[in-house]
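I have placed the structure first, in the form of structure tokens, so that the comments after it can refer back to it.
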Amino acid sequence: MEQVDTEDCAGGSSGAFAFHSRPNRSLTPNQQRFVFWGLAAVCFATGSGFALLGYWPILPFAGAEIGLLAWASQVLRSREGDYESLTIEGDVVVLEWRAGARGERREMNRQWTRVVCNCRTPGGSCHLSLSSHGRETKVGQYLSDEGRLQLAATLRRKLQA
């Protein structure tokens with residue numbers, strides 16, 4: 001469900017580390033349009049067939065279904081640029097993310113940054129965040145629980161180094 005790119009950057013003793021994550025988009029924009037218009041055609045054809053048989057009240061519902069499908073497609077398109085990026089270089093931890101129209105960047109001191117990993121049940125429903133100066137910032141939104149646990153272990157090692 002996610003696309004992750006983690007790398008240790010060559011840089012000698014600085015121990016630079018970069019983590020990039022974004023939601024998995026399984027369909028290209030052309031494929032999304034094809035799926036939308038295919039489903040809309042099937043819905044309209046089915047509604048028209050029933051209308052020809054005398055069940056004309058189905059047409060407003062078919063139109064509402066196509067409208068709801070168009071709205072859902074638009075919401076998915078508006079989230080195409082979502083990403084999360086975390087870089088540790090020297091004494092600076094930089095966290096950048098974009099979710100819909102909202103994006104943010106936060107810089108933290110490596111020495112004051114702590115990894116907080118809360119799992120409600122063992123191996124399930126984990127939340128990962130970085131804490132510095134009394135503020136917690138979520139990390140690993142697009143990862144599975146196992147991915148968050150692996151990222152937490154990696155970040156603990158990198159922040160201690």
| note | The condition of being of a type in the set (D, E, K, R) and not assigned by TED's automatic domain parsing to the domain that holds Gln141 holds, among Arg120, Arg33, only for Arg33
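Just to be sure I understand, how many residues within the range 48-84 are more than 30 Å from Arg106 (Cβ to Cβ) and either of a type in the set (D, E, K, R) or touching an Asp or Glu at 6+ places or on another chain (Cβ under 6 Å) (or both)?
Initial filter on the range 48-84 (more than 30 Å from Arg106 (Cβ to Cβ)): 48-73.
With the extra rule that they be either of a type in the set (D, E, K, R) or touching an Asp or Glu at 6+ places or on another chain (Cβ under 6 Å) (or both), the set shrinks to 65.
The total comes to 1.
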| task | Quickly run through the range 23-60 and pick out the residues that are surrounded by 11 or more Cβ atoms within 10 Å (Cβ to Cβ) and either in contact (Cβ under 8 Å) with a residue 40 or more places away in the chain or under 30 Å from Trp97 (Cβ atoms) (or both). | result | Pro23, Arg25, Leu27, Gln31, Gln32, Arg33, Val35, Phe36
| said: Can you find, within the range 11-26, the residue that is modelled with the lowest pLDDT among those that are assigned to a loop (DSSP other than H, G, I, E, B) and within 28 Å of the chain's Cα centre (by Cα)? | reply: Gly15
| query | Has the range 138-157 got at least one residue that is part of a strand (DSSP E or B) and surrounded by fewer than 17 Cβ atoms within 10 Å (Cβ to Cβ)? | reply | yes
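The values are calculated or read from the model by the stated rules, or taken from the named source; none is laboratory data. All figures in this text were calculated on a predicted structure; none of them were measured in a lab. A quick note on method: Cβ atoms are made from the backbone with ideal geometry, for glycine too, and the neighbour counts reach across all protein chains shown.
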